[in-house]
Every structure is written in C-alpha cells, then in structure tokens.
1. Taking segment 255-295 as the search range and keeping residues that are farther than 15 Å from His235 by Cα and of a type in the set (Gly, Ala, Ser), which one is farthest from the chain's Cα centre (by Cα)?
2. Among the residues that make up segment 165-174, is at least one of them assigned to a strand (DSSP E or B), touching a Leu at 6+ places or on another chain (Cβ under 6 Å) and over 21 Å from Ala88 (Cβ atoms)?
3. Output the residues belonging to segment 265-284 that are more than 19 Å from Tyr229 (Cβ to Cβ) and among the aliphatic types (A, V, I, L, M).
4. What about Gly83, is it surrounded by fewer than 21 Cβ atoms within 10 Å (Cβ to Cβ), assigned to a strand (DSSP E or B) and modelled with pLDDT of 90 or more?
5. For segment 265-285, check the following and say yes or no: at least one residue is part of a loop (DSSP other than H, G, I, E, B) and open to solvent by less than 20 Å² (accessible area, probe 1.4 Å).
6. Can you pull out every residue in segment 47-58 that is surrounded by 17 or more Cβ atoms within 10 Å (Cβ to Cβ) and either in a strand (DSSP E or B) or modelled with pLDDT under 70 (or both)?
7. I want to confirm something. Restricting to segment 177-203 and keeping residues that are open to solvent by 60 Å² or more (accessible area, probe 1.4 Å) and not in a loop (DSSP other than H, G, I, E, B), which single residue is farthest from Thr263 (Cα to Cα)?
8. So how many residues does segment 147-197 have that are at pLDDT below 95 and small (Gly, Ala, Ser)?
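The values are calculated or read from the model by the stated rules, or taken from the named source; none is laboratory data. Being a predicted model, the structure only gives us computed values, none of them experimental. Methodologically, a virtual Cβ is constructed for each residue, glycine included, from the backbone with ideal geometry; neighbour enumeration extends over all protein chains shown. The accessibility values were calculated without ligands, DNA or RNA, using every heavy atom of the protein model including side chains. Shrake-Rupley method; radii C 1.70, N 1.55, O 1.52, S 1.80 Å.
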Amino acid sequence: MRAALLCVLSALVPSLALAQAPSDADLQKRANAVLTLMGFSLTPDVTTGSLSISDQSAGNPYFSQSSISGGGTLGQRRLYLEGTLAYAHYTPTFDAQGAQPIQVKWDSVLATGGIGWDFPVAPRLVVRPIANVSLGRVESEGMAAATGRGFLSHGELNAAGLGGSLMLDYERYLPENEIDAELRYSSIHLQSFQSSSAVQGHALAQTFSFWSRYRAPTGLVALERPLRYVLEYAHTRFLGDLDGALGFQYVNSFGLGLELDTTKYDSYVTRTRLLLRYKAGDHLTGWAIGLAVSF
C-alpha cells in the first residue's frame, strides 16, 4: 500500500487589503470571502497546507488556516483515495457607525474526500481522474458589541462542495534514487446551504499544480536502514475565485529534508520524512516545516 499523510505548518505574508464598512453588503462580501478562502484547503497541497496572514491597517488583524491531508493508491490496485481536514480562524473588525468597533471571531472547519482510479498510459505513468466532495461550516461569535447584529453575534454558514480533479502521476523507484512527479488540475464548486440569510453564497475553487520529489541515500545508516535525503519542488497556480483572493496568484515551494526508513521496527509505517520548505510567489514569501509518513 502506497499512501502518505502530510501535516504542514507555515507562515505566509502577502500584501492583503480588505475594505471595511458596516453595511450588510460588506458583511455578505466578507462572508463570501470566507467561503472562497475555504477553497485553499480543498485538496492536498504543500504550498497552502497552512496560511498565517496579518493586516492590521485594514482592520483585519488575523487570518490563519491549518490542514492535515493524505492520499495514495491501495496496494497494487488502481483505486486511489485522498482526504483533507482543515481549520481556519478569522477575526475581522467592523465599523459600528460611530459606536465602538465590532470585533468578531469566525471559525471554520472543512473536510474534503476524493476517490479516483489509475489508468496506465506508459511505463511508470498513470492518468488519474478523481471525484471530490466537501463539507464545511463557518461559525461567527461576537467579541465586543456584536449583539443584535445577526450573523455577527451568532451566525452560521454551511457549505457543500462537489467537483473533481485530473492528475498525471509519474513514479520511478530504483535502489539508487526515487522520483515522484504529479501534474494536477482541480475544480470544486462550493455552495452554502441551511445558513444565515445574510451570508448565503457560492465560490468556484480551481487550481493547477505541479509537485515533484527526489529521494536518494545519504550514505548514512539510521534504524538499520539507509538514511535518505529529500529534495522537493511544488508550484500551484490559483484560478477561478481563488485568483488573487489572498493577494497572490501562485506559490512556489522548495523543500529539503531527510527520510527515515522505519520498516525494521514498524510494519505499518514504512517511512517518516521531515522537510523544511521555503515558499515564494507574487507579493509573498514564507516558510514551512513538513512532517509526513508513508504506509
């Protein structure tokens, strides 16, 4: 069974400016923006596994997002499964028309699953169509004078997503080195349902991404198995409603790390990887620490 579980912690600092206004239209706009931001965590992606953004000047002090994801084929079969679970926290501030500003806390949880099938097209190369379904929820809690402000004081936004992905996957495993490369396009439509009337909306999340990894022995031995070094590169281009939603259109990720072979002592977990990633794109730079295990 070849599978991977990925947990990423990162800090990205783009140029982000959101307008501030007390109107219901602005509330709707920001709520729709939260729905759009869910689109950054719909599929396994090392470039946006976690985000941390601060813009004090625009009255939006903090937005953060963390996710854990994994995917892989089942043994020698062609069935592919993937899943992502993400949590986001957003604390916008609203002008209360001359009164004390209203601070609110928005928390969201989003889960996405995918099922696909591998179609071999060449040696070590497969085409993999994937069907994706998502389910998420945003809750609003007033932190100051939000009483009586509807969604601001106590509201909810439920979202469901349906879409798919198409992946081209190349794998070459040799004793001297291992190469993995994936080219992927994803399109998932998110739609609110059973939500507060002021914050109903929808978003189309589309991404085009490339991910690659090179692994080779270092010449050292750990846990009675070869210790490997890992090189990784990933690029993601954001399309649809995600294009520019956080102030950038693409992210590059450069990774360097080590991989332990744990088969000597653990029959379930085969490899454990620790990577340091540097991220860069238009108007942003960042870093990440990634921990992953293979089964």
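1. Restricting to residues being farther than 15 Å from His235 by Cα and of a type in the set (Gly, Ala, Ser), the top hit is Ser267.
2. Narrowing segment 165-174 to residues assigned to a strand (DSSP E or B): 165-173.
Cutting the leftovers down to touching a Leu at 6+ places or on another chain (Cβ under 6 Å) gives us 168, 170.
Going one step further and asking which of them are over 21 Å from Ala88 (Cβ atoms), we end up with 168, 170.
Looking through segment 165-174, at least one residue is assigned to a strand (DSSP E or B), touching a Leu at 6+ places or on another chain (Cβ under 6 Å) and over 21 Å from Ala88 (Cβ atoms).
3. Passing the criteria: Val269, Ala280, Leu284.
4. Here the answer is yes, as Gly83 does meet what is asked.
5. Start the filter on segment 265-285 by keeping residues that are part of a loop (DSSP other than H, G, I, E, B), which leaves 265-270, 282-283.
From what's left, open to solvent by less than 20 Å² (accessible area, probe 1.4 Å): none.
Checking segment 265-285: not a single residue is part of a loop (DSSP other than H, G, I, E, B) and open to solvent by less than 20 Å² (accessible area, probe 1.4 Å).
6. Those that are surrounded by 17 or more Cβ atoms within 10 Å (Cβ to Cβ) and either in a strand (DSSP E or B) or modelled with pLDDT under 70 (or both): Ser50, Leu51, Ile53, Asp55.
7. Ranking the candidates gives Ser197 first.
8. 11
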